[in-house]
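> First, the structure itself, so that you have it in front of you.
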Amino acid sequence: MTDTPPTAEELKAAKNRLKQEQRSLTIKRFMANRLAVCGLGLTVVICLVAFLGPLISPHGPLDINPINRLKPPSMENWMGTDNFGRDIYVRVMYGTRASLLIGFSVALLSSVIGVAIGLYSAYFKPLDHLLMRITDGLMAFPAILLAISVIAVFGPTTQNVILTLVVVYTPLIARVVRSNALVVKEQPYIEALHALGSSTTRIIWRHIFPNTVSSLIVQASFVFAVSIITEAMLSFLGVGIPAPHPSLGNILYDGKNVITSAWWMTVFPGAMIIGIVLGQNILGDGLRDFLDPHTNKAVSKR
């Protein structure tokens, strides 16, 4: 007697079970990575505090009260007030929102543009010489000096800060993607796809791009963190988010002249910057270990 072949419904059910098992295994592997879990947890907590924290305060980020200027932390003003009587707690929360928005936007746009540049540079040699010389020229300048130069031309607005940081950090992602794509391009299965007549677009985006995603995610998390630091530096220097709109950088700038008498104006925004960057760096290290096949084998053995 011969076994009857499985029906289409049975094949579909088996495929769904396999996907669920793979998903659960991936979640277990991720939860076993303490760095990634801690970094993700810290980032989520900061995001929740930044977006939900102002809801429990009666003050606004632009409310001025000269009578209460430079008041220390109290039950009414949890993080004290600044030199205009504005509530530091609310301003730090709104400044953290702005920093997270800028970091996410820069990481996303830099990844999209950097992936396109890196993939096509690796695949087409004539294009590689042109695009890589441009990225080399951009990377030759210190990031902060290049950002200040671009913003000095276009003006200090939130949109210009985002676009400037995209210009500054896209070459980093393009370089990483290109180096991985060059390795994948030389694999035998890519040559087989050429022999089978697959289109260039299909080869680049269907077969080369997925093999660069792991390094791309790690690099994007780094860009997220360093963009927040750069934005804070620009705002501190007066060429970032314009006042009176709150930013962690311009809050630090307001507190630099009264750091000895009003320490809370620098301690709290500085601590928030440290928390955001620390969470992103830990998350990036954890994702690097999680996405590395050799590390995955070691975790699986443990």
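Just so it is clear, none of the values below were taken in a lab; they were calculated from the coordinates. Not measured: the values here are computed from a predicted model. Methodologically, a virtual Cβ is constructed for each residue, glycine included, from the backbone with ideal geometry; neighbour enumeration extends over all protein chains shown.
> Set the Förster distance to 35 Å, then compute FRET efficiency between ARG29 and HIS207 from the Cβ-Cβ distance, nearest 0.05.
The computed FRET efficiency comes out at 0.90.
> Please list, in chain and number order, the residues 5+ apart from THR81 or on another chain whose amide H is under 5 Å from its amide H, with Hs placed from the backbone.
LEU70, LYS71, ILE88
> Given the Cα-Cα distance of ALA14 and ILE144 and 0.36 nm per residue of separation, how much length would full extension add, in nm?
41.4 nm
> In whole Hz and in residue order, list the ³J(HN,Hα) couplings for the range 236-250 that follow from phi through the Karplus curve 6.51 cos²θ - 1.76 cosθ + 1.60, θ = phi - 60°; x for Gly and Pro.
Taking θ as phi minus 60°, the curve returns 5, 7, x, 10, x, 5, x, 5, x, 4, x, 8, 4, x, 6 Hz for the range 236-250.
> Once you place label points 7 Å from the Cα toward the Cβ at LEU196 and GLN159, how far apart are they in nm?
Between LEU196 and GLN159, the simple spin-label model gives 4.5 nm.
> For a paramagnetic label modelled at 7 Å from the Cα of ASP63 toward its Cβ, which residues of the range 91-106 fall within the zone defined by backbone nitrogen distances under 13 Å?
Of the residues in the range 91-106, 91 have backbone N under 13 Å from the label point off ASP63.
> Mind giving me the FRET efficiency for MET75 and ILE274? R0 is 30 Å, r the Cβ-Cβ distance, nearest 0.05 is fine.
Rounded to the nearest 0.05, the efficiency is 0.70.
> Mind sorting out which of (1) -0.55, -1.29; (2) -0.44, -1.15; (3) -0.60, -1.09 is the real log10 I(q)/I(0) by the Debye sum over Cα atoms at q = 0.09, 0.14 Å⁻¹ computed from the coordinates?
Read-out from the structure maps to (3).
> How big is the gap, in Å, between the Cα center of the range 1-80 and the Cα center of the range 145-180?
Spelled out, the Cα-based centre of one part sits 28 Å from the other.
> Only helical DSSP H runs with n ≥ 4 go in: add -39500 (n - 2.57) per run for the chain, normalise by residue count and round the 222 nm mean residue ellipticity to 500 deg cm²/dmol.
Theoretical 222 nm ellipticity from helices: -24000 deg cm²/dmol.
> In degrees, nearest 10, range 0 to 90: what is the angle between the Cα axis of helix 88-123 and the longest Cα principal axis of the chain?
Long axis of 88-123 versus the principal axis of the chain: about 30 degrees.
> Just grab the label-to-label distance for ASP136 and GLN187, each label 7 Å out from Cα along the Cβ direction, in nm (one decimal).
My value for the distance between the label points is 2.9 nm.
> In terms of the Cα gyration tensor, with a ≥ b ≥ c the square roots of its eigenvalues, is the range 188-302 rounded because a/c is under 1.5, prolate because a/b exceeds b/c, or oblate?
Cα axes put the range 188-302 in the oblate bin.
> For the chain, modelled as a Gaussian network with Cα springs under 10 Å, which listed residue fluctuates most, THR157, THR135, THR260?
Between THR157, THR135, THR260, it is THR260 that shows the largest mean-square fluctuation.
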